[in-house]
Amino acid sequence: MTKKKVWIDTDLSVGMTREKREGYCDVDDGYAVLQLIKADTIEVCGISAVFGNTVIENSYPLSQKMSTEFALGEIPVYKGAGEAINLKAVESNEAVDALAEALRKQPMIIMAIGPATNVGLLLLKYPELKSQILEVVLVAGRRTPKDYFKIGNQGNHAQDLNFDLDNDAFRLMFENRVPVTLCPFEISNKVWIKAEDLDALADSDKGNQWLAQASRAWLQQWVDQGADGFNPFDVLASHYIISPEDIISEELNARLEIYEDDTVKENDKQVFKPYLLCDKKEGFPVKYCYDVVLDYHKKLMDSLLK
C-alpha cells in the first residue's frame, strides 16, 4: 500500500509555559504529530516549526525532540518563521526552502496546525511549486462571526489563533487556489480528552507518557474554566489525513470579513478583527469539516495507543 506523503508544519508547545500570561500552552499539536508518526499509512517527509502557541525558540526544539525520541530521528526538522509574513520585506527561511526542495521531488499534503506563515512564504518565494501541494489541512475558520469559540462555561471566548496570527498566509493560499481543508472549532469542540484518557496514555509507550504528563496541567486549566476535559483541536487535522472517512465535511466557500473582536469583553464597537468565514456565498472553495463519526473517540484513542 502506498503511503500518503505528509509534511508537518507546527507550532509545537507541549509542556511550555505561556510567554505573556500565566499558565501552560496548548498540548494538542503534540497529539497530532504523534498520531501521524504512528500511522501505518503515512510517511512524514519533514517537520517545519513555526511560531504560534509559543515562540519559535520553543516550537523548534520540541519538533526536534519529537523526531529524535519518537521517530528514531528519521524525520528531518527545520526552523521556520518566528513572526507573521511582512509583505514589505519577504524573506524565506530554512523550513520554507526545505519544503520547496521536498515538493520538487514529489507532491505532498501539508498539515499546517499553527499559523500558515511558512506555507504563505512558500507561495510567495516558490509560486511554481503550488501545483505540487495536494492539500493543506488547517485548524481554523467558522461559519459566522457569532460562532464563538467557547472554552468552558465561564463566558470566555478563545481566538481563532492560527488565522488571527497571520491572515495574509490564508489569503495567499486562497488566491493561489491551493486545495484547503479546514478543521475548525465546530468539529474539534465535539471531541474531548479527559482524565481517564490521560491515565490510559500514561500506561502506554513513552510518547504517550510524555503527552499525558504534559497534558495534566493543560487539562486543569480547562477544568478551572468549567469543563471536564479539553478539546484536542489539532488532532482533527491529523485524523482527517489518516482516515478521512471518520470526519464529516462539506464543500463551502471561504472569505475574510471584519467584525468586532468577540474575545474582548465589553467591546462596544471599539476593537475589531478579521474573521475567516465559510458558507455557501461567494468566496474561495474549501472543504469544511464539521462533525465526526459516532465511535470517533475510540478510533482516536486506538490510534494513539497502538
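Throughout, read-outs are computed from the coordinates displayed, never taken from laboratory work. This is a predicted model, so every value here is computed, not measured. Every residue, glycine as well, gets a Cβ built from its backbone with ideal geometry; the counts of neighbours run over all protein chains shown.
A few comments on the model shown:
- Given 79/299; 20/150; 79/273; 130/287, the pairs whose alpha carbons are separated by over 26 Å: 79/299; 79/273
- Tensor-based shape of the stretch 179-242 (alpha-carbon gyration tensor, a/c under 1.5 rounded, otherwise prolate or oblate): oblate
- Mean projected area (nm²) of the alpha-carbon convex hull when the stretch 1-143 is viewed from all directions: 9.7 nm²
- Over the chain: helical MRE at 222 nm, DSSP H runs n ≥ 4 each giving -39500 (n - 2.57), nearest 500: -10500 deg cm²/dmol
- Each listed q (0.11 Å⁻¹) maps to a log10 I(q)/I(0) for the chain, found by the Debye formula over equal Cα scatterers with no solvent: -0.62.
- Whole-Hz Karplus values for the stretch 77-85 come out as 10, 9, 8, x, 5, x, 7, 5, 4 Hz, taken residue by residue from phi with 6.51 cos²θ - 1.76 cosθ + 1.60 and θ = phi - 60°; glycine and proline positions read x.
- J(HN,Hα) series, the stretch 150-159, from Karplus relation 6.51 cos²θ - 1.76 cosθ + 1.60, nearest Hz, glycine and proline x: 7, 10, x, 10, 9, x, 8, 10, 8, 6
- Amide hydrogen neighbours beyond the local backbone of residue 116, cut-off 5 Å, H modeled: none
- Gyration tensor (alpha-carbon) shape descriptor, the stretch 144-266, a/c threshold 1.5: oblate
- Under 5 Å, built H, 5+ apart or other chain: amide partners of residue 7: 45, 109, 110, 111
- Legend: P(r) of the stretch 98-166 from all alpha carbon pair distances, 5 Å bins from 0, whole percents, reading 3, 15, 21, 19, 13, 10, 8, 6, 4, 1.
- Residue-by-residue Karplus 3J(HN,Hα) for the stretch 144-149, coefficients 6.51, -1.76, 1.60, Hz, glycine and proline x: 9, x, 8, 7, 6, 8
- Taking Cα centre as origin and charging only the Cβ of basic (Lys, Arg, +1) and acidic (Asp, Glu, -1) residues, the dipole magnitude of the stretch 1-121 rounds to 260 debye.
- Packing-based ranking of 183-196, 46-59 yields 46-59, 183-196, ordered from highest to lowest mean Cβ neighbour count within 10 Å.
- Approximate spin-label separation residue 221-residue 257, in nm, with each point projected 7 Å along Cα-to-Cβ: 3.1 nm
- Residue 175-residue 196 FRET efficiency (beta carbon distance; Förster radius 41 Å; 0.05 resolution): 0.35
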